[in-house]
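J.: Below is one structure. I have some questions about it.
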Amino acid sequence: MIYTLTTNPAIDMNITTDGLKRGLVNRTFDTVYTPNGKGVNVTLTLKHFGVESVTTGFFGGFSGEYIVEELERRDIQVKPVWVDDTTRINIFLNDGEGEFKLVNSGSKVETDQQEEMLQLFERADDCDCLVISGSLPPGITPSYYESILSICKEKGIDVVLDISSPKLRDLLKYEPLLIKPNDEEIEEIFGIKMKDEEEIIHVLGFLKEQGVRNVLLTLGDKGAYFSNGEDIYYSSSQPIQLLSSACAGDAALAGFLSIWLKDPANVEDAMKRSAATGANVAESNALGDFANVDTYFHNIKVRKVGK
């Protein structure tokens, strides 16, 4: 069973307005409220593709209750750890020309609640793959990642990491199954700026040497690269009119995993679904309805670029 962990979940409020004027009442429309957080998005997208998963995370207050109840209403199994603080609400506003992202820091997680989550994974004998996504909330230090990965290593649980923390560099020694950095995170975490495909191939090799088994490197509208340590693939992107990028990366990861975890040899279809899903979500409020994924799938080109 796949588990997803969202240490810092949120309700996302996606809204649209015709221009934004300071000091005046700005009327909004097309408001969409969704249970959110990066791991939650992965679970919801996997569900769309017929892949069941269990979602875990730290939830609190009325907003935390809303997320858990909404996920359960969608027949998703949730194993929450409850905190005293209120789960955050983030706002993504499109003014017709671009997107404003108003993201809060999140609810504080106390030490005993962190320990409760660790015990949850100690007891999760049905978990064979854990997807860890997103930022850490107040109260949790980056060393917490190591506590989780140590448990996973002992229990033989594969780990997928989609985090922007500098701690990612230290976590590669735990040999995660997959990491999904973007080009900005490679520069910020590893100090490497990639200018062309040759340098990208070098970085993928470097990450393999550090311990990671597979890498899905995303470049936004410039496409994506995947390396399994033997072969390297490139996929193109689908041009779209951006509405909200809030969930696109999470959905792209889930689209990839929905094929690749079952059939690691089918890299091409996994990359096509990843690119198609991310694009469709980016042109939607929140995750949207995935209506264009099948069409976009056939537009994506994948080529092998090296070893």
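The values are calculated or read from the model by the stated rules, or taken from the named source; none is laboratory data. Remember, it's a predicted structure, so these values are computed and weren't measured experimentally. We place every Cβ from the backbone using ideal geometry, glycine too, and count neighbours over all the protein chains shown.
J.: Taking the condition within 26 Å of P264 (Cβ to Cβ) and at pLDDT 95 or above, does Y174 pass?
T.: So Y174 passes the test.
J.: Step by step: first the residues of region 161-187, then only those that are outside any helix (DSSP H, G or I) and among the basic types (K, R), then the one that is surrounded by the fewest Cβ atoms within 10 Å (Cβ to Cβ). Which residue is that?
T.: Filtering region 161-187 down to residues outside any helix (DSSP H, G or I) leaves 161-167, 175-182.
Checking the rest, the ones that are also among the basic types (K, R) come to 167, 180.
Numbers: K167: 17, K180: 25.
Checked region 161-187; the qualifying residue surrounded by the fewest Cβ atoms within 10 Å (Cβ to Cβ) is K167.
J.: Next question, about the same structure. When residues of region 277-307 are filtered for being touching a residue at least 12 places away in the same chain (Cβ under 8 Å), among the hydrophobic types (A, V, I, L, M, F, W, C) and over 16 Å from N41 (Cβ atoms), how many remain?
T.: Counting residues in region 277-307 that are touching a residue at least 12 places away in the same chain (Cβ under 8 Å), among the hydrophobic types (A, V, I, L, M, F, W, C) and over 16 Å from N41 (Cβ atoms) gives 4.
J.: With the condition kept exactly as written, say whether any residue in region 158-172 is closer than 18 Å to T4 by Cβ and more than 18 Å from the chain's Cα centre (by Cα). So that I can check it myself, show each step before the final result.
T.: First pass over region 158-172, keeping only residues closer than 18 Å to T4 by Cβ: 158-165, 168, 171.
Keeping just the survivors that are more than 18 Å from the chain's Cα centre (by Cα) gives none.
Checked against the condition, which is being closer than 18 Å to T4 by Cβ and more than 18 Å from the chain's Cα centre (by Cα), region 158-172 yields no hits at all.
J.: Cβ-Cβ below 7 Å, separation at least six or inter-chain, first residue in region 20-39 and closer than 23 Å to T4 by Cα and without any contact (Cβ under 8 Å) to a residue 60 or more places away in the chain, second surrounded by 14 or more Cβ atoms within 10 Å (Cβ to Cβ) and among the charged types (D, E, K, R): which pairs?
T.: Pairs that qualify, where the first residue is closer than 23 Å to T4 by Cα and without any contact (Cβ under 8 Å) to a residue 60 or more places away in the chain and the partner is surrounded by 14 or more Cβ atoms within 10 Å (Cβ to Cβ) and among the charged types (D, E, K, R), are P35/E70.
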